[in-house]
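Following: one structure in structure tokens, then a few remarks.
The values are calculated or read from the model by the stated rules, or taken from the named source; none is laboratory data. Quantities reported herein were computed from a predicted structural model and do not represent experimental measurements. So basically every Cβ, Gly included, is an ideal-geometry build from the backbone, and we count neighbours across all protein chains shown. We work out accessible area using only protein heavy atoms, side chains counted, and drop any ligands, DNA or RNA first. Shrake-Rupley method; radii C 1.70, N 1.55, O 1.52, S 1.80 Å.
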Amino acid sequence: MLEIKGVGEGTVAALLGESGDLNKYETGKHLISFIGFDLKQCSSGEHKGKMRISKCGSHRTIRFLT
């Protein structure tokens, strides 16, 4: 995680502390969903909206990452 540009030791520590044991997540998608950074699309009928970050997750973790 530290190799990602803009991510420091404090951010990684906060993310790991908030998410707990990483073995409880079956896939990386489950962890991303817990954090609240999974994608959602606002669409209705034939209209396809833009893909956006859902931000439905752990509010404390989102605060660390934004």
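If you run the Gaussian network model on the chain, springs between alpha carbon atoms under 10 Å, then out of 20, 49, 36 the most flexible one is 49. The GluC sites (Glu not before Pro) of the chain that DSSP puts in a loop, and whose beta carbon has at most 14 other beta carbons within 10 Å, are 3, 26, 46. A value for semi-axes √(5λ) of the Cα gyration tensor in Å was derived from the coordinates, and within the list (1) 21, 20, 7; (2) 34, 19, 7; (3) 26, 14, 10 it appears as (3). Annotation: per residue accessible area for the chain equals 81 Å², rounded to a whole number [probe 1.4 Å, protein chains only]. Just the number, please: carbon plus sulfur as a percent of the accessible area of the chain, 1.4 Å probe, no ligands or DNA/RNA counted. The computed percentage sits at 54.
Considering the options 49, 10, 32, tell which one lies farthest towards the positive end of the dipole of the chain, charges being +1 on Lys and Arg and -1 on Asp and Glu at the Cβ, about the Cα centre. Positive-most Cα among the choices belongs to 49.
If each DSSP helix of 4+ residues adds -39,500 (n - 2.57) and the sum is divided by the residues in the chain, what number results at 222 nm, nearest 500 deg cm²/dmol?
On the way: 3 runs with 26 residues, N = 66.
That comes out to -11000 deg cm²/dmol.
Springs between Cα atoms under 10 Å define the GNM used for the chain, and in it the highest mean-square fluctuation of 19, 43, 33 occurs at 43.
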